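Data first, discussion second: the structure below is written as structure tokens.
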Amino acid sequence: MRKDTKEAISNPVFTKIVDSSRDLDLETYVIGGFVRDFLLGNKAPKDIDIVTVGSGIALARKVAEKLSGKPRVQVFKNFGTAMVHYQDFELEFVGARKESYRKESRKPTVENGSLEDDQKRRDFTINTLAISLNKSTYGQLLDPFQGLQDLQKGIIRTPLDPEITYSDDPLRMLRAIRFAAQLDFEIEISSLQAITTHKERIRIVSRERIVDELHKIMLCKKPSTGLRLLHKTELMPLILPELSALEGIEEVEGQRHKDNFWHTLEVVDNISRNTDDLWLRWAALLHDIGKAPTKKFDKKIGWTFHAHEFVGSKMVYKLFKRLRMPLNEKMKFVQKMVLLSSRPVILSKDFVTDSAVRRLIFDAGDHIDALMTLCEADITTKNPARQKKYLRNFKLVRKKITEVEERDRIRNFQPPISGELIMATFNIPPSKEIGVIKDAIKEAILDGEIPNEHQPAYKFMLDQGRKLGLKPIKDQD
Ligand code: CTP
């Protein structure tokens, strides 16, 4: 843990803030994430939160005047805050506030307050830490809530009674879980209880803010830490009910299936060791969601999840829509991963034919590598011999994919015969026959009947046309 707080504020930008604060006769501090991350020894944070006892907006204006290039001050009047972008810093200025409850109303009113009033209103003790930017106390750490101790012990604790802190802003329930996952900290027990008790309040938080926190959890080194806490606090069914539905093991006639919720968490951790791609991690999280609605017990074959990949990929759309996540190519990517998630496994079990590999490359396109990464992460068997065998099989599938792709170039498949050429060759207008012929050519290439080349495809087109009763132009008249 670093202690040299003067070092934290050694960047010349702080000199400008110190001078401006003195000019305006204010009391000013740097607070929050910047201090926390510095003390933890993390990379110097670029977001700098400045709190001043007085007007944050006036201070921001003064600072901007002194900075080279006089950057623009963005003022958020309603919040009493101001933002200045300088070099790659984002400086946010706010006046210290306190909350007071009027007798006749339960709604708090925000008033100007002291530094300590402001620290109290913050979410966690580790985020209340402030460093003085005032002459007489320059560089001192102001820590009335033992934030430093919590930082050292690895504890997420609220400065006030958790009931108050979380009801002020229920998003903090997710922030607690996110910080626990990011920093590998424990959430203090009364906080954990308050979150569980007030979980329903998450419904008043905007979906965008929820998703923001979910993304941060998914980008952690070990996302399962956050996902487990979502489960433990019972927030999971309120946010991602599709995942909660995977929990549990049923037994019929002595046959059990695996618990797909806990399996999924392992898959997410596995994939996170191999990729930082947020959306591939989401694909791992959602790859089995179709299993809950498709689960059936069959007396002959036992538990089945027929077409769960297809059902799951449809659920991805609904889930993204509900959470207001982007319905763009990111969503389509996740859908594709879910839809194809079992294909490489089938290949690895059977004797791998070239045509099966070609079809997989055709369907996965540029995402074939991501798909293989997902499938490898899906191996969660605790049997070392089996694990070794599955990994070896996937290695063979990968090798085969490389060989087939080098030879047949299916990855970015472009039909070797265009619709225009078909129309010109048979002298026909746009019609369904063109689609039929193009499709037959594609199928023949994927099946290995003809190579992915113009000449053989042209010849094949002539045969197909004739079968449909079409005459090439040179045979006409
Ligand atoms: N804060 C809070 N309650 C919230 C959000 C923020 O009390 N719901 C306070 C915390 O003191 C926090 C500061 O506002 O440190 C700045 O918020 P933000 O930039 O969101 O968080 P950081 O702590 O800087 O961390 P990160 O950038 O990782 O989100």
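A straight Cα-to-Cα reach below 24 Å connects LYS389 with the lysines LYS258, LYS349, LYS399, LYS400, residues fewer than 8 places away in its own chain not being considered.
For the cross-link pairs LYS6/LYS222; LYS232/LYS295; LYS66/LYS135, the ones whose C-alpha atoms lie over 27 Å apart are LYS6/LYS222.
For the chain, give the percent of accessible area contributed by carbon and sulfur heavy atoms, probe 1.4 Å, rounded to a whole number. Write down the numbers at each step before the final one.
Values: 12210 of 24580 Å².
C and S fraction of accessible area: 50 percent.
Summing +1 for each Lys or Arg and -1 for each Asp or Glu among the other residues whose beta-carbon sits under 9 angstrom from that of THR304 gives +1.
Could you tell me the center-to-center distance, by alpha carbons, between segment 216-241 and segment 280-350 in angstrom? Taking the Cα centre of segment 280-350 as reference, the centre of segment 216-241 is 19 Å away.
Between rounded, prolate and oblate, where does segment 5-153 land on the alpha carbon gyration tensor, with a ≥ b ≥ c its root eigenvalues, rounded for a/c under 1.5, else prolate if a/b exceeds b/c? Oblate is the answer for segment 5-153, as a/c is 1.5 or above yet b/c matches or exceeds a/b. For GLU186, nonlocal amide neighbours, meaning residues 5 or more places apart or on other chains whose placed amide H falls under 5 Å from its own, are ILE155, ILE156.
With a ≥ b ≥ c the root eigenvalues of the C-alpha gyration tensor of segment 154-239, is it rounded (a/c under 1.5), prolate (a/b larger than b/c) or oblate? Oblate. Compactness of the chain is given as radius of gyration and Dmax, 30.0, 102 Å, from Cα positions.
Work through the residues other than VAL94 whose Cβ is under 10 Å from its Cβ and net out their charges, Lys, Arg +1 and Asp, Glu -1.
Details: positive: ARG97; negative: ASP49, GLU92, ASP118.
Once all neighbours under 10 Å are counted, the net charge is -2.
Taken per residue, the accessible surface of segment 154-239 reaches 44 Å², heavy atoms only and a 1.4 Å probe.
May I ask you to derive the relative contact order of segment 280-404, considering only C-alpha pairs under 8 Å and at least 6 residues apart, and to give it as an integer percent? Don't skip to the end; give the middle numbers.
On the way: 128 pairs, mean separation 28.5, N = 125.
Relative contact order for segment 280-404 comes out at 23 percent.
Solvent-accessible surface of segment 419-467, averaged per residue with a 1.4 angstrom probe and all protein chains in place: 54 square angstrom. Each residue of segment 42-50 is assigned a 3J(HN,Hα), and the resulting list reads 6, 3, 3, x, 9, 8, 10, 9, 10 Hz, derived from the Karplus form 6.51 cos²θ - 1.76 cosθ + 1.60 (θ = phi - 60°), x at Gly and Pro.
Within the same chain, lysines fewer than 8 places from LYS70 are excluded, and of the rest, those with a Cα less than 16 Å from its Cα are LYS16, LYS62. When the helices of the chain are scored as -39500 (n - 2.57) per DSSP H run of n ≥ 4 and the total is divided over every residue, the value at 222 nm lands at -15500 deg cm²/dmol. In this structure the amide hydrogen of TYR86, modeled in the peptide plane, comes within under 5 Å of the amide hydrogens of LEU91, none closer than 5 places in sequence on its chain.
Which of the aspartates and glutamates could be linked to LYS77 by a straight reach, that is with a Cα gap under 14 Å, when you skip same-chain ones fewer than 8 residues away? Reachable aspartates and glutamates: GLU92. Dipole magnitude for segment 5-153: about 320 debye, using +1 per Lys or Arg Cβ and -1 per Asp or Glu Cβ, origin at the Cα centre. The value of relative contact order for segment 5-153, using C-alpha pairs under 8 Å at least six residues apart, is 25 percent. Averaged per residue, segment 5-153 has 51 square angstrom of accessible surface, using a 1.4 angstrom probe with ligands and nucleic acids left out. Distant-in-sequence amide contacts of ARG97, defined by a placed amide H-H separation under 5 Å and a gap of 5 or more residues or a different chain, comprise GLY113, ASP118. Within the shell defined by Cβ-Cβ distances under 10 Å, the residues around ASP47 carry a net charge of -3, with Lys and Arg each +1 and Asp and Glu each -1.
The values are calculated or read from the model by the stated rules, or taken from the named source; none is laboratory data. Bear in mind that the values here come from a model prediction, so they are computed numbers and not experimental data. Cβ coordinates were reconstructed from backbone atoms using ideal geometry, including for glycine residues, and neighbour counts include every protein chain displayed. Calculation scope for accessible area: heavy atoms of the full protein, side chains included, ligands and nucleic acids excluded. Shrake-Rupley method; radii C 1.70, N 1.55, O 1.52, S 1.80 Å.
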